[in-house]
Amino acid sequence: MENKENEVPSVKALSALPKTITYEEAIEYTTVGKFHYILLFFCCMGLLAAVAELIGISVIIYAAQCDLKFSMQEKSLLAMSAALGTIFSLHITGFICDTWGRIKTLKVTLILNICSSLLSAFSINTWMLIGLRFLAGIFSTGCQCCVFSFLGEFLPDVSRRRHMTILATMVPVSILFINLMAFLILPLKLTDYIASFSPWRALLLVNNIPSIIALVGFLFLPESPKFLLAQGLYVEALDILRSIFTKNTGKPKDSYPNGLIMLHEKATGLNNTKGFGEAVKLMGKQTLQLFHKKRILQTMNMSIIDLIVCIIGAGFTMWLPTVLSSFNDPSSEFLTVCDSIGLSKNHSSDICSNPNGLETSHFKTLVFIAMILIFCFLISSVAVGFMGRKIILVFWFSAGAISALIVYYTTDPIIKIVALTLVSQVGKLSGIVSGIAADFYPTNINAMGICFVNMMSRIGIMIGGNIAGRLFLNHCEITFFSYSGILFVVVLMTMMMPKEKVSKKVEEESVVKFEKIEIERF
């Protein structure tokens, strides 16, 4: 007996369908349900894992310095290793994601990332740790950019913004995860049970839990139907859409409309290229599309915004433990932040000489700060449905600019913590910028566009991480005034970001009507 889901729809059923439907209408018909919530969870785990690779190194440096005794040069290289890896590979990963497949790229890069990260926990010297963290940074790029394209292409416009904002919440969640694990694991005396196995090695192993969870999920998730349609794989894309429809609604697959779909663009697959030379030409061709006259201004605008906010926010976050540690002196309780930093410079101590082990109390404050950031992002995910992401970004960038001035003037301990939190949060907003980029770029260059914008943010992390410490310690007052002024400029730039909804006229011009697919093929 022929399988019911492969039966040819009746003429009556076909007559009820519109002559053509857009991909947006096709994905809307699947509704938003169980499949999308599972998809969102595993994409969140993937992004959490990728961000943890970048920010977790600051905790590892703090914990491993007494064990590996690295020099200042080695310390700087270790701090930059993961970020250098992402800068080296982001653009290439975006190209592979756009031409080879979203889910394939996610699975392969995650497997390689887990292997590199696990091996780094058993490093016998500093240079081995630096090399393996560099490799972990290279392979973390799959989850840094592909998850935005992957998640967005499964969602209708009505819920895409909210889901993408929730995905961006994983940036502060990763901060909470890293610092909470550090607070729980670093005080443990593991060397009493396993010789030479210091707590920071256990922390590196535990930090792979989100990566492993994400990999398990991606092994069972399908390819993006929009990517398949762009590759001309209509039958496969329709089968996935019908499967999502069934999982979300409980209705049989043959209840889903099939046969007539319009697509915004066509794409060239990596499998269709012959040799390395053609692949490089294709990569160059697709890169140029990012700077097409219709896109160049927005590409540069989003990239510069990401660069600036990561120089300020991410660089500041890397030095936040040092700033918070300056508050430990009782005499600095009612001093300004800059006065506290100046006081701590004259009372520096060697943390490795502490007989009670590493000081971990500041991780509690960082956990508290991360919880505030998560709360702010969750509010944003609710408000984004009626305010839009641009307004959300303008609000939080403005809050960061005002807070930078407050940090300079206030002496109240609570206000200092809150203001420092709001300054550091601007770097976490790069995930929302990536969400806007995911909506702006077409399918054939979507991941490359996101990766290019993300690459600028990683450069910002490197620059910020290297200059922030010197600025705070030597030019604290000027630093916060400069941060405030620059963030107000970023607010103006944010107002010029792409519109979040494509007008009907533009959409009609961009849609290419493909020939009707014969019903027998389904």
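Selection of helices (runs of 4 or more DSSP H) fully inside region 386-490 by the criterion of at least 3 residues being within 20 Å of ILE304 (Cβ to Cβ) returns 389-409, 430-440, 446-474. Of all the numbered requirements in (1) in contact with a helix residue (DSSP H, G or I) (Cβ under 8 Å, 6 or more places away or on another chain); (2) surrounded by 15 or more Cβ atoms within 10 Å (Cβ to Cβ); (3) not basic (Lys, Arg), VAL235 misses one, and that requirement is (2).
Are any residues in region 392-405 farther than 10 Å from VAL426 by Cα, aliphatic (A, V, I, L, M) and either under 20 Å from the mean Cα position of the chain (by Cα) or open to solvent by less than 30 Å² (accessible area, probe 1.4 Å) (or both), and if so, which ones?
Narrowing region 392-405 to residues farther than 10 Å from VAL426 by Cα: 392, 394-395, 402-405.
Narrowing the set further to residues that are aliphatic (A, V, I, L, M) leaves 392, 394, 402, 404-405.
ILE392, VAL394, ALA404, listed by residue number.
Taken over region 429-451, the criterion of being open to solvent by 10 Å² or more (accessible area, probe 1.4 Å) and under 13 Å from the mean Cα position of the chain (by Cα) is satisfied by SER430, ALA438.
From the set of residues in region 199-217 that are under 16 Å from TYR37 (Cα atoms) and out of contact with any Cys (no Cβ under 9 Å at 6 or more places or on another chain), which is least open to solvent (accessible area, probe 1.4 Å)? This residue is ILE213.
Just one of the listed residues (MET493, MET456, MET497) is modelled with pLDDT of 80 or more and open to solvent by less than 10 Å² (accessible area, probe 1.4 Å), and it is MET497. Note on region 104-134: among residues that are open to solvent by less than 10 Å² (accessible area, probe 1.4 Å) and among the aliphatic types (A, V, I, L, M), the one that is nearest to GLU74 (Cα to Cα) is LEU129.
In summary, CYS145 fulfils each of the numbered conditions (1) touching a residue at least 12 places away in the same chain (Cβ under 8 Å); (2) part of a helix (DSSP H, G or I); (3) open to solvent by 10 Å² or more (accessible area, probe 1.4 Å) with the single exception of condition (3). Here region 286-324 is the region considered, the condition is being open to solvent by 50 Å² or more (accessible area, probe 1.4 Å), over 20 Å from the mean Cα position of the chain (by Cα) and at pLDDT below 85, and the residue that is farthest from SER482 (Cα to Cα) is THR322.
Pick from LEU132, LEU68: which is farther than 17 Å from MET462 by Cα and at pLDDT below 85? Give the steps one after another, and end with the answer.
Details: LEU132 fails: at pLDDT below 85.
Of the residues listed, the single one that is farther than 17 Å from MET462 by Cα and at pLDDT below 85 is LEU68.
When you go through (1) without any contact (Cβ under 8 Å) to a residue 12 or more places away in the chain; (2) not in a helix (DSSP H, G or I) one by one for PHE154, which number turns out not to apply? So the condition that PHE154 fails would be (1).
Quick one: in region 202-255, of everything that is outside any helix (DSSP H, G or I) and among the hydrophobic types (A, V, I, L, M, F, W, C), which residue is farthest from PHE122 (Cα to Cα)? Looking at residues that are outside any helix (DSSP H, G or I) and among the hydrophobic types (A, V, I, L, M, F, W, C), I get LEU233.
The values are calculated or read from the model by the stated rules, or taken from the named source; none is laboratory data. What you see is a predicted model; the values in this text were computed from it and never measured. Don't worry about glycine lacking a Cβ; one is built from the backbone with ideal geometry, like all the others, and counts go over all protein chains shown. Ligands, DNA and RNA are excluded from the accessible area calculation, which covers all protein heavy atoms including side chains. Shrake-Rupley method; radii C 1.70, N 1.55, O 1.52, S 1.80 Å.
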